[in-house]
Amino acid sequence: MHELSIATAIIEQADALARADGADAVSAVTVRVGELAGVVPDALSFAFEVARDGTALAAARLVVEQVSAQAYCGPCAEEFAVGMPPFFWCPRCDQPSNDLRSGRELAITGIESLRASA
Ligand SMILES: [Zn+2]
């Protein structure tokens, strides 16, 4: 499963960031997932629950922020949702545009960690 390798990478990265910050455990991880990133949020959440066992993220929550795919049309300065499957056609001037501005994101945007001493 594609999402399992992504979930594992998220966990490894969050674990490393939390440890570098002196934390013992992570309580939540926020990831930003674009509509065109090729990731199914439900599958990612499921994979996360499987992959987090035995790590500093064993009790962590995965928060998925979905980003809609938006393209920009230069001639009329219109930003429009390309949808899924993507359709790169400006609804305002009826011209093609493949200037994608968002939708391919796949990144950790936040980590909440716990400290034993806190
Ligand atoms: Zn246009």
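With contacts taken as Cα pairs under 8 Å at a separation of at least 6 residues, the stretch 27-97 carries a relative contact order of 31 percent. Near Val33, once Lys and Arg are set to +1 and Asp and Glu to -1 for all other residues with Cβ below 12 Å from its Cβ, the sum equals -3. I'd like the orientation of helix 41-51 relative to the chain: the angle between its Cα long axis and the longest Cα principal axis, in ° from 0 to 90, rounded to 10. Between the helix axis and the principal axis of the chain, the angle is about 20 degrees. Compared with the direct C-alpha span, the chain from Glu112 to Asp94 gains 2.0 nm at full extension, assuming 0.36 nm per residue. Among residues other than Ile111 with Cβ under 14 Å from its Cβ, the summed charge is -1 (Lys and Arg +1, Asp and Glu -1). Other residues lying with their Cβ under 12 Å from the Cβ of Gln70 contribute a combined charge of -3, Lys and Arg counting +1, Asp and Glu -1. Each principal axis of the Cα cloud of the chain was evaluated for its coordinate range; sorted largest first, these ranges are 59, 29, 15 Å.
The modelled label-to-label distance between Val64 and Glu79, using points 7 Å beyond Cα along the C-beta direction, is 2.4 nm. What is the angle, in °, between the Cα long axis of helix 2-20 and the longest principal axis of the Cα atoms in the chain? Nearest 10 is fine, range 0 to 90. In the chain, helix 2-20 runs at an angle near 60 degrees to the longest axis.
Since every read-out is calculated from the coordinates, none of them should be taken as a lab result. All values derive from a computational prediction rather than experimental measurement. Counting neighbours? That spans all protein chains shown, and the Cβs are built from the backbone with ideal geometry, glycine included.
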